[in-house]
């Protein structure tokens, strides 16, 4: 099981690996600008960039380490890992201090267990669906058990008051839904129930600031200095980028610090302002390439578990990217979801790289029996 | 139903058919989402982007924050205690500073300041956002401002600004009551209460400014403007007006507050000012009329951001000017404790008010001798005389008869040793010792001699001036411990008024009204009768009741060989005086503590008298200035602008 076969190296998806490398490099270059300080005419490298590089090193090592193990062993490890993630989430709830309204950091703010819970959830769902193939799932009631698997971590994240990440985790779990064979009438019923649930949440479950963030998407001019401020400033930044962009470290919106949380949630606005439509569009295309590649890996996998695992990884990459970019472009409410590989944040980067490791793993073992 | 036989499919069975069939649709879905993103990006950057790009090419769009002025704080008659006025400042924009030497030299000439001092205020450029302005001076005179404005073309990178500045009318008169402002701290930013605050924002850090932060804080506005390279505003794109904070009306009587504060100043020029605290409140409803703590600080120094050096000085000052002694200074009550001992003994039926005890000037218990403050003794005294002349021996005996725990029960009944929930931060509870407490604290049983000390308010007893005012208030009002109130009402900008909490009682004391009446008469005697110790608080037209007290700071042995004025200040006794007036139907209680002031009758009583005098003088003449202040327009505050700092 351990040890690297020569055939594995031959089948290693070097171009996929390179694509990830290009995105990572672009992310770092962009982060340098987003956190740039002025020091006598030269651009200073901020502590955030240094920490991000360290996280990248850790994530890269973990990613390569997971490649050594045949992914089929992950199926056995899925349940213990999932249980560990749930325990960590519980621990966070009990011992972690509340910061900025939510409570989601362990070890003095160094580790965010909810990031790793996504991996655990994808592993355990891939395992479940491998044993109960999605083609056999024809009734809503068949979704109850996998649904419970998803609800447990999501509920714990909701209890941490981190609604954005909770929603994200739920969406990642939903990546598997297109593959089950449940008739559209049942979906219609689900849709009605979901709408009712959302209406309830809207009236009772959301803090006023969360409600106003949703309203801001509909009408950003509503309150330009409070929550709408972020949306407006982000739009100005992106718009002023034009075709070619203002140039690296020369975006005024960015350097004037008009952009809210520009090194985390709004990092894409920095990219769009400084690199323009060409740069931002290119990054979007690279992202799309990565996702489609992931689906190819899923399709060409030699077994069901590998294929489902790859689908899950695509979900882990797609949903935060889609939510983040939609938010930055003013198409979705402002929820604190980082852009994978670009936003500053150690736990997110490490967990994303580990997920990409899973993808590479499935890809390189597609011919090995 | 899922076939259990399939539950353990062998590895290598291939991709599930359903997954394979639906994969293209999923891929199409993802592509569709990204197409939407690309189209949106195209719309924002290519179609709508032109206009914005032109502006950004000349670095010209800025969002100015229009800082909202804090709400005024008024006294009960509408007089301003804290208000907000516009202050002009000058800022430098690092990115536009072309020739630092010339700019600092020119600014130095214009402001008549050392260019090097200005450069020091600007600081090191390292590690700073290029487009973030740095404030050099925060409080320019109108002349300076005009000079800067007229030379703006020659000063590239120099921006003048205007922002509201807090002003406390009496300087340090109401320092501890008002508290002070300060930039929000990192740990505060993480708290839920401050969820919608930004870094760099200025908030109330103590006193009323802190407790009523939510009411006083306004809502910042903002303005998007186009500026040229020199920082001149060419055009306003859009603007949101700031909303000033609400106006807060306190129960304080500012004239009384001033009189109380002045009372601590020396009578003779050159003598050191007195230290201590004063609380005046209305025993009928708990309205706090004045609250003073000395030494004080000038909250105005904090309004424009206090410099590190002054702050260090305040924090490290030996006499702790930042501490609010009125609510968090804990002192032995000394003889001001005696009325509670008397009330307890009367209620328990241990003393007959008319029975006399003989005071030979000392009292023996076991092998120790406890002295009365009057060496030659008071002779035969009954309860009334014992309070009027503050005879210690009478109370040694009474205290022993009660025992420490019964005494503690009554002291706690007067809410000593308990927080009063006055709406100010950092209130301390004081201490009422019991035998159980001592056993737990020191692991030793209670000694009879300690009861002797406790019954004249020495020993372990600790009270705050506020607690004394409340407890004497209960003697004055027939037994009710009132809830101290500070907030009368909040007047909203839209004309709405939110009343403060209604007057309420925290409890009633476990002593019958007829016994309280006896104590009250004795307290009247302290001030009004010929041999009373509080004669200095006497007023011409109103009868005053009160009690003096002197509480030891160190044991007598350390200082008894010295003459009174040879004792080092920090070893001198604390002086107490607690008074109320009129004796029946009292309208005001005043508790005064003078730290290291010596005797209560001479050091503290005159301050109380001054406050009482001011109170009753103010009642006689209508307040004309009050009506004028009420008519003043609430909305004439100028807005002011600050560049929105990076967050």
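Any read-out appearing in this document is the output of simple, stated calculations on the displayed coordinates, not a laboratory observation. Keep in mind it's a predicted model, so treat the numbers as computed, not measured. In this analysis, Cβ positions are derived from the backbone assuming ideal geometry, glycine residues included, and neighbour counts consider all displayed protein chains.
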Roughly what angle does helix B:404-413 make with the longest principal axis of chain B, taking Cα atoms, 0 to 90 degrees, to the nearest 10? 50
Rounding to the nearest 10 and keeping the result within 0 to 90°, find how far the Cα-based axis of helix B:513-528 lies from the longest principal axis of chain B. 90
Between residue A:300 and residue A:140, with labels modelled 7 Å along Cα→Cβ, what's the label distance in nm to one decimal, could you check? 4.0
What number, rounded to the nearest 500 deg cm²/dmol, is the helix-based mean residue ellipticity at 222 nm of chain B, given -39500 (n - 2.57) per DSSP H run of at least four residues and division by all its residues? -9500 deg cm²/dmol
Cα-based Rg and Dmax for the protein assembly as shown, where Dmax is the largest Cα-Cα distance (Å): 37.2, 113
Per-residue average of other protein chain Cβ atoms inside 10 Å, peptide B:35-42 -> 6
Could you sort B:594-600, B:569-575 so that the peptide with the highest average Cβ count within 10 Å comes first and the rest follow in order? B:594-600, B:569-575
Just need the relative contact order of region B:269-321 here, percent rounded to a whole number, with Cα pairs under 8 Å and 6+ apart. 27
For chain B, Kirkwood radius (reciprocal of mean inverse C-alpha pair distance, Å): 29.1
Measuring from the longest principal axis of the C-alpha atoms of chain B, the long axis of helix B:254-263 (C-alpha) lies at a number of degrees, nearest 10, equal to 60
Calculate, in nm to one decimal, what residue B:374 and residue B:531 gain on full extension: separation in residues at 0.36 nm each, minus their alpha carbon distance. 55.2 nm
Extending each Cα 7 Å along its Cβ direction at residue B:113 and residue A:69, get the distance between those two points in nm, one decimal. 6.3
